[in-house]
Amino acid sequence: MRAGPDSPAPSTRRRTRIHVVSDVHGNSEALARAGDGADALICLGDLVLFLDYADHSRGIFPDLFGVENADRIVALRTARRYEEAREFGRGLWAGMDRNAAIVSAVRKQYAELFAAFPTPTYATYGNVDIPGLWSEYAHPGTTVLDGERAEIGGRVFGFVGGGLKTPMNTPYEIGDEEYAAKIEALGPVDVLCTHIPPEVPELTYDTVARRFERGSRALLDAIRRTRPRYALFGHVHQPLVRRMRIGATECVNVGHFASSGRPWALEW
């Protein structure tokens, strides 16, 4: 149909496309392609691969202690025998400088992973990340945010990284009050980006690990109160439900990037 003299002119505004990844866990090869075709990449954390529960030969733990010990600690954790797992781990680390060994291994992973980030990238921390190291590896095209906002393509994105305290005792777990304060500091945003999901059973249950991961009640309350267009997160690798609507907000687990190698796309 041809436009008449009084018809509105076709929109010439360029569309914006954002790719979102989470739980990269060492997959630098796919990460280098994750921004292809997008105006920006968002990373919701967990860059580090400490131990791959699907392939026990991959990660910092088997590199240090071998696959058989990795098999053992995965079996204990999967059975929720956390105290036995901690005791077993303490025996393996005896006589070693644990912190120095982990930081050295993480530095090697970060050097490779941050080099794979396209420009621009907006990133926040996962619960297995070490925030104190990020400033050493984030190049000028990578913006690191935690409890902060950024405007992308005319929309306001809010970022909160890390996880809540659990028996797993991963590197970047914080208290509920501290996490809630970061959520509160954002105020209303169009897109709320976090590593962990809101505290909703369908979004926090991992069907393979057969356990509930920790979600945030403060995040759920903020979604209901401020009504962002989207709430994006990762953390739960095999969720019972990958997306659901809470009021006006579409809540989306963007996927386990380490295994899929595919980003989730948001376009407007």
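The values are calculated or read from the model by the stated rules, or taken from the named source; none is laboratory data. Note that the coordinates shown come from a computational prediction; the quantities given were computed from them, not determined experimentally. So basically every Cβ, Gly included, is an ideal-geometry build from the backbone, and we count neighbours across all protein chains shown. Keep in mind that these areas ignore ligands, DNA and RNA; they rest on the heavy atoms of the full protein, side chains included. Shrake-Rupley method; radii C 1.70, N 1.55, O 1.52, S 1.80 Å.
A few notes on this one:
- The set of residues in region 26-46 being open to solvent by 20 Å² or more (accessible area, probe 1.4 Å) and closer than 16 Å to residue 259 by Cβ consists of 26, 27, 29, 33.
- Residues within region 197-216 that are assigned to a helix (DSSP H, G or I) and either within 23 Å of residue 147 (Cα to Cα) or touching a residue at least 40 places away in the same chain (Cβ under 8 Å) (or both), tallied: 3
- Yes/no for residue 55 being open to solvent by 30 Å² or more (accessible area, probe 1.4 Å) and over 26 Å from residue 238 (Cβ atoms): no
- Per the conditions (1) open to solvent by 40 Å² or more (accessible area, probe 1.4 Å); (2) part of a loop (DSSP other than H, G, I, E, B); (3) out of contact with any helix residue (DSSP H, G or I) (no Cβ under 9 Å at 6 or more places or on another chain), the sole criterion not satisfied by residue 245 is (2).
Rundown of residues vs (1) among the polar types (S, T, N, Q); (2) over 28 Å from residue 179 (Cβ atoms); (3) touching a helix residue (DSSP H, G or I) at 6+ places or on another chain (Cβ under 9 Å), yes/no style:
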site	(1), (2), (3)
45	no, no, no
100	no, yes, no
104	yes, yes, no
117	no, no, yes
123	no, no, yes
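- For region 123-178, a residue qualifies if it is over 21 Å from residue 107 (Cβ atoms), in a loop (DSSP other than H, G, I, E, B) and of a type in the set (D, E, K, R), and exactly one does: 165.
- Residue list for region 217-242, restricted to those being closer than 19 Å to residue 190 by Cβ, assigned to a strand (DSSP E or B) and either open to solvent by 10 Å² or more (accessible area, probe 1.4 Å) or not aliphatic (A, V, I, L, M) (or both): 230, 233
- Given (1) of a type in the set (A, V, I, L, M, F, W, C); (2) part of a loop (DSSP other than H, G, I, E, B); (3) farther than 27 Å from residue 34 by Cβ, number of the condition residue 181 does not satisfy: (2)
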